[in-house]
1. Which aspartates and glutamates, on any chain, are close to LYS92 with Cα under 14 Å apart, when same-chain ones fewer than 8 places away are left out?
2. Once you have a ≥ b ≥ c as the square roots of the Cα gyration tensor eigenvalues for region 23-90, tell me rounded if a/c is under 1.5, and otherwise prolate or oblate according to whether a/b is larger than b/c.
3. Taking other Cβ within 10 Å of each residue's Cβ, how do VAL98, VAL53 sort, fewest first?
4. Which whole-angstrom value gives the distance between the alpha carbon centres of region 51-81 and region 115-132?
5. What number, in percent, do you get for the relative contact order of the chain if the mean sequence gap of Cα pairs under 8 Å and at least 6 apart is divided by its residue count?
6. Which of the peptides 103-111, 137-145 is most tightly packed, and how do the rest follow, going by the mean number of other Cβ atoms within 10 Å of each residue?
7. Can you tell me how region 30-152 classifies by the Cα gyration tensor, rounded, prolate or oblate, using a/c under 1.5 as the rounded cut?
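Just so it is clear, none of the values below were taken in a lab; they were calculated from the coordinates. Note that the structure is a prediction, hence the values are computed from the model and not measured. Heads up, the Cβs are rebuilt from the backbone with ideal geometry, glycines too, and the neighbour counts pull from every protein chain shown.
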Amino acid sequence: MIRLAKLCFIVAVLMAVTSCSSLRLDGVDFGWPVESVVTVSGTNMIEDIRYSVKAEVAPLAQEEFQDSTALRGARLRLLRSSEGYYFLTGVKFKHVYVFSPGPSSLTLYRAIPVSDGGLRNPALNQRPPYVELLDGDALRTLLTSDDIVEAKK
């Protein structure tokens, strides 16, 4: 009788643990088909209604230009990669910033140096599994969330 009770208890625990396992959907592509061009507001905010993204960029301005107000009125290029990282850059930027999403935040994952003199006319495109950075006719660069894969000038 005690053995049967122990066996029933073990089976019940295993069933409970199995039913509590998390549901996982694999093969998700988070990528946006085209970049978003967002204008920084007077309060240092960017917003893309189409993709439901809103963020304050004063810390980014401080990091890139050592001036938290440097991006007011600027047009930034924002693209989400198929892995779910946000790539962000703009005119005069020397880096492409890669952010990982979190609860109510974007956390800097990597700042990839792409231009010594600053970008003049940047654009971001999806080129799965890469993100392509263009700067007019002067630069074509393939990026991952970690680094530059290929650069052509």
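1. GLU63, GLU64, ASP67, ASP116, ASP135
2. Values: a/c = 2.52, a/b = 2.17, b/c = 1.16.
It comes out prolate by the Cα gyration axes.
3. VAL53, VAL98
4. 16 Å
5. This gives 15 percent for the chain.
6. Details: 103-111: 12.2, 137-145: 16.4.
The peptides rank, most packed first, as 137-145, 103-111.
7. It is oblate, given that a/c is not under 1.5 and a/b is not larger than b/c.
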